[in-house]
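Encoded as structure tokens, the structure appears first; notes follow it.
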Amino acid sequence: MYEPFPELIKVSTDHKYDGIVEAEVGATVLDVDNECKKYGFFFPPDPASARVATVGGALAENAGGMRGARYGVMRDWVLKVEVVLSDGTVTYFGESTYKNRAGYDLLGLIVGSEGTLAVITKAWLKIMPLPERIVRIAGFFNTLDDAGEAIFRIRREGINPLILEFADKQGVEAANKVKGFSYPELPGGMVLVDVDGPKNGVDSVAQRVVKIMEETHAATIIKPETPAEMERIMDVRRVAFTAPGRLYPGFIDGDIAVPLSRIKEALIGVDRIRKKYNVFIATVGHAGDGNLHPNIGADPNNKDEWERAEKAANEINLLAIELGGTVSAEHGIGKLKEEFLLKQFEVRGQMPVYQLMKEIKRIFDPKNILNPDKYALR
Ligand SMILES: Cc1cc2nc3c(=O)[nH]c(=O)nc-3n(C[C@H](O)[C@H](O)[C@H](O)COP(=O)(O)OP(=O)(O)OC[C@H]3O[C@@H](n4cnc5c(N)ncnc54)[C@H](O)[C@@H]3O)c2cc1C
């Protein structure tokens, strides 16, 4: 079995009381989090792929995750990186201090650059003390309109949840099937909320979430009490993401974000596209960030089905642009979304930004050797 080089997966917590850990980029995001937990801290970004996502990959993609509703994305939690530039020079961007205004924010440029500008080899990351207590609440809704309203109101009414997630009916059905659960399979899907804080202060916040769910007509509200029950309901959201891949041989990843006030329109719009092309879409998402993953399952060997799936994926990207959102929230552009990145820039009058991006690529990588095919930067 492949054993990674130990020096590439090391996480040093020597500076934990400064709120900083040093991680080699081969460590996974979960490795970092687990190491922090030994000392009463945690690492806030938590891509659902944390078990396999490396620190380098997560920084290159500017990954987010469930706790993004409260804590944002990797860029918000990295202070400094060691990089190898395209000519082999080793240098650092950023500082291992919480504040740093020395020069242009080149650290911000590297994070999310999808390996097109430099290879990240080490990272200094911010960490947080663990919350004393987490309360989880799941609401199941009869309509997407009500679920969308609940998501918007939880945010608008200042609750600041730790997570605010969504899984649609198709996602819940798949999770029930795969895991043998029997959670309600309703047309409005599931809204999953975690609130956290001091031991004695969390219940009143949780109560406000329940009240909003009641007022937005949740058909069923579940408040799991034991850690095992909490995990089970979290599994619904996790499995729902992978549902198309579990049920179909082909998977098209969806990753749009829209302004929170338009989340309802996005949910309803994706459902309309699903029906129009008669394809399997399980929509899950970090709804508290306005980030939805309408993931499509289809058979690439079935020409008609695959074409319908691709058309639906394309239309979902256009929907995001139309709603004032973005075609890539946290998974990046890669090859798949080049056309839509350019479309988004064109619609928003940002073609000058695209020209700047090309110039930046030329400065960092004049020989075009770093992920040369990505990002439409040729
Ligand atoms: C089931 C599942 C759930 C997911 N959930 C989430 C989620 O909740 N949130 C989220 O944001 N993403 C999610 N993702 C997407 C993905 O897992 C993340 O973007 C992850 O952070 C990528 O890390 P990786 O190590 O797998 O990188 P890879 O996929 O190996 O690489 C990604 C890109 O980064 C570049 N790269 C990798 N390492 C470096 C480096 N050291 N320096 C420079 N460039 C580098 C690669 O060349 C490539 O272009 C999910 C994916 C799956 C399959």
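Tabulated results
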{"item": "Total residues in segment 93-113, condition exposed (fewer than 15 other Cβ atoms within 10 Å of the Cβ), touching a strand residue (DSSP E or B) at 6+ places or on another chain (Cβ under 8 Å) and free of Cβ contacts under 8 Å to residues at least 60 places away in the same chain", "result": "3"}
{"item": "Any hit, segment 69-78, residues being more than 27 Å from residue 231 (Cβ to Cβ) and touching a Ser or Thr at 6+ places or on another chain (Cβ under 8 Å)", "result": "no"}
{"item": "Qualifying positions in segment 60-78 - surrounded by fewer than 20 Cβ atoms within 10 Å (Cβ to Cβ) and farther than 24 Å from residue 167 by Cβ", "result": "75, 76"}
{"item": "Any pair with Cβ under 8 angstrom, 6 or more apart, that starts in segment 17-32 at a residue that is surrounded by 22 or more Cβ atoms within 10 Å (Cβ to Cβ) and ends at one that is among the acidic types (Asp, Glu)", "result": "21/35; 23/31; 24/7; 29/46"}
{"item": "Residue 116 being in a loop (DSSP other than H, G, I, E, B) and open to solvent by 60 Å² or more (accessible area, probe 1.4 Å)", "result": "no"}
{"item": "Residue identified as of a type in the set (D, E, K, R) and open to solvent by 50 Å² or more (accessible area, probe 1.4 Å) among 310, 338, 330, 305", "result": "310"}
{"item": "All helices (runs of 4 or more DSSP H) inside segment 260-347 with 3 or more residues being β-branched (Val, Ile, Thr)", "result": "263-277"}
{"item": "Failed criterion for residue 365 (all others in (1) among the acidic types (Asp, Glu); (2) closer than 20 Å to residue 56 by Cβ; (3) touching a Phe, Trp or Tyr at 6+ places or on another chain (Cβ under 8 Å) hold)", "result": "(3)"}
{"item": "Residue within segment 344-355 that is closer than 18 Å to residue 291 by Cα and either within 24 Å of the chain's Cα centre (by Cα) or open to solvent by less than 70 Å² (accessible area, probe 1.4 Å) (or both) present", "result": "yes"}
{"item": "Selection count, segment 72-86, where residues are out of contact with any Leu (no Cβ under 7 Å at 6 or more places or on another chain), over 15 Å from residue 286 (Cβ atoms) and within 9 Å of the ligand (Cβ to nearest atom)", "result": "2"}
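The values are calculated or read from the model by the stated rules, or taken from the named source; none is laboratory data. Please read these numbers as outputs of a predicted model, since none were measured by experiment. Ideal geometry is used to build each Cβ from the backbone, glycine not excepted, and the neighbour counts take in all protein chains shown. Keep in mind that these areas ignore ligands, DNA and RNA; they rest on the heavy atoms of the full protein, side chains included. Shrake-Rupley method; radii C 1.70, N 1.55, O 1.52, S 1.80 Å.
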